[in-house]
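A.B. asks: Can you read through this structure? Questions will come right after.
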Amino acid sequence: MRFGDPRPDGRAIVYAQIQADPLVARAAALLADATSTQRLLARATMNGESTDPEAWRTMFPALFGPAAPPPGDPARDRSEAILGVSLQVADRGEQARSQFRGAIVEALAEQLLAARTGPVRRERRILFDGVPSEIHPYDVTVEREAAAEAWDCKWGARGVKADVLHQLDDARRNATAEGARLLVGLVVFDARRSCEVRLVRERGPVALEGLKLVTLEGLDRLAGRKPA
Amino acid sequence: MPIPVAILVERALAGLDVLAATAEAVDDEWQYVTDLGTVWRARLGALKEARGAETAPDGAEAALDALVAEAGRIEDPHRAIDWLSTFPQVTLAALGEAS
């Protein structure tokens, strides 16, 4: 088993520009140390229609209400900053916002994984002897020989599809056949409950025993820490 | 004026119904939309059962009103599918519950 760069194609070149946008890095940095409720604020706002920050503050009394940390408190400042970048993403238009959201989840996963282990890489293929290489690269990989990992990242549960599960499952099986250790998983910026509904619908004959599922509520597990 | 959790859960369930009706326009996802609605209605129903008589936390009523209004603005059925998951999570957070 070895890791390699995918062949560059048009989609990758366009998407690389999104991935390199400073807004993606800023959002990921804020979300890496956020609470689950702050991450939910980001999800809702980036998915939403309203561009009025006050409407979102009202929807999240735990972050902005009378009992929330006061302005000037680092937790409150982070909530405000997350709201600000999320509204910037929402303001990009439907197609762009979808790409930004995906890139943000990938960058977030990369940051969280890097807090626990490494080396962490993006957009990499996994190659096995005698096995045709997969078309789609993995979003984030940990290329540690003794304990490699491959993660696909999704903005929402709806992004979990059978082909994604098959690719992860195949990689795990091929690694096992070569006597290598490979942890495979999905990082989904959505509720675990919704992801489980999706998995039941999509998994078909794919065995999920070896698939890790990390959802919005438990993203800190990627960093090897308990939820903030 | 204090308001019980049960009333706010009822409002949330009505908001969820509106989203589900919008999302059902995506034929390929009909079963997923149905299943998603079922599990989240059950979660909100369980909350109502457990804490319905309690007074809702400060800010929860305004939060739910704003959230239901936001759900009502969703016209795109694909976005409504995303919101079918997001909406109940925000509802639970406003009422001081984990997902």
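A.B. asks: So what is Rg over Rh here for the stretch A:10-101, counting just Cα atoms and using Kirkwood for Rh?
C.D. replies: Checking Rg against Rh, the ratio lands at 1.01.
A.B. asks: Tell me which lysines have Cα within less than 22 Å of residue A:212's Cα, excluding those fewer than 8 residues away on the same chain?
C.D. replies: In chain and number order, the partners are A:154, A:161, A:226.
A.B. asks: Which whole-Hz ³J(HN,Hα) couplings does the stretch A:138-148 yield from phi under the Karplus relation 6.51 cos²θ - 1.76 cosθ + 1.60, θ = phi - 60°, glycine and proline marked x?
C.D. replies: My calculation for the stretch A:138-148 gives 7, 5, 9, 10, 10, 9, 9, 4, 6, 7, 6 Hz in order.
A.B. asks: What's the exposure ranking of A:24, B:18, going from fewest to most Cβ atoms within 10 Å?
C.D. replies: If I rank by nearby Cβ atoms, fewest first, I get B:18, A:24.
A.B. asks: Rounded, prolate or oblate: which one fits the stretch A:70-228, using the alpha carbon gyration tensor with axes a ≥ b ≥ c (rounded when a/c is under 1.5, else prolate when a/b beats b/c, else oblate)?
C.D. replies: prolate
A.B. asks: Across every pair of different alpha-carbon atoms, what Kirkwood hydrodynamic radius in Å does chain B reach?
C.D. replies: One over the average 1/r among Cα pairs gives 13.4 Å for chain B.
A.B. asks: Whose amide H sits under 5 Å from the amide H of residue A:181, counting only residues 5 or more places off or on another chain, with H placed in the peptide plane?
C.D. replies: Those qualifying (amide H under 5 Å, at least 5 residues apart or on another chain) are A:148.
A.B. asks: Quick check on the exposure proxy: order A:129, A:190, A:152, A:33 from fewest to most C-beta atoms within 10 angstrom.
C.D. replies: Lowest count first: A:129, A:33, A:152, A:190.
A.B. asks: Okay, next question. If each of residue B:58 and residue A:196 carries a label point 7 Å out from its Cα toward its Cβ, how far apart are those two points in nm?
C.D. replies: Distance between the two pseudo-spin positions: 3.4 nm.
A.B. asks: While we're on this one: Going by how many other Cβ atoms sit within 10 Å of their own, how do A:79, A:133, A:36 line up, fewest first?
C.D. replies: Going from least to most buried by this count: A:133, A:36, A:79.
A.B. asks: Any number yet on Rg/Rh for the protein assembly as shown, C-alpha, Kirkwood?
C.D. replies: On the Cα set of the protein assembly as shown, Rg over Rh gives 0.98.
A.B. asks: Taking the Cα centre of each part, how many Å lie between the stretch A:44-90 and the stretch B:1-36?
C.D. replies: Computed from Cα coordinates, the inter-centre distance equals 23 Å.
A.B. asks: Okay, next question. Take every residue in peptide A:153-159, count the Cβ atoms of other chains within 10 Å of its Cβ, and give the average of those counts.
C.D. replies: 3
A.B. asks: Same structure again: Could you pull out the GluC sites (Glu not before Pro) across the stretch A:135-214 that fall in loop regions by DSSP (anything but H, G, I, E, B) with no more than 16 other Cβ atoms inside 10 Å?
C.D. replies: A:143, A:145, A:178, A:209
A.B. asks: Run the numbers on chain A and let me know its relative contact order in percent, using alpha-carbon pairs under 8 Å that are six or more apart.
C.D. replies: Here the relative contact order equals 21 percent.
A.B. asks: Assuming R0 = 45 Å, what is the FRET efficiency of residue A:33 and residue A:203, from their Cβ-Cβ distance, to the nearest 0.05?
C.D. replies: Efficiency at R0 = 45 Å is approximately 0.85.
A.B. asks: Would you work out which of A:86, A:167, A:138 lies farthest towards the positive end of the dipole of the stretch A:56-188? Charges go on Cβ: Lys and Arg +1, Asp and Glu -1.
C.D. replies: The listed residue farthest towards the positive side: A:86.
A.B. asks: Running a GNM on chain A with Cα contacts under 10 Å, which residue among A:67, A:12, A:107 ends up with the highest mean-square fluctuation?
C.D. replies: A:67
A.B. asks: Now for a different question. What are the chymotrypsin sites (Phe, Trp or Tyr not before Pro) within the stretch A:1-63 that DSSP puts in a loop, where the Cβ has at most 13 other Cβ atoms within 10 Å?
C.D. replies: Sparse-neighbourhood loop chymotrypsin sites (Phe, Trp or Tyr not before Pro): none present.
A.B. asks: Something else: Amide H to amide H, which residues 5 or more places from residue A:213 or on other chains are under 5 Å from it, using H placed in the peptide plane?
C.D. replies: Here the answer is A:186, since their amide H atoms fall under 5 Å of that of residue A:213.
All of the numbers you see were taken from the coordinates with simple rules; none came from a lab. As the structure is a computational prediction, the values presented were derived from the model and not from experiment. With ideal geometry, Cβ positions are generated from the backbone for all residues, glycine too; neighbour counts draw on all protein chains shown.
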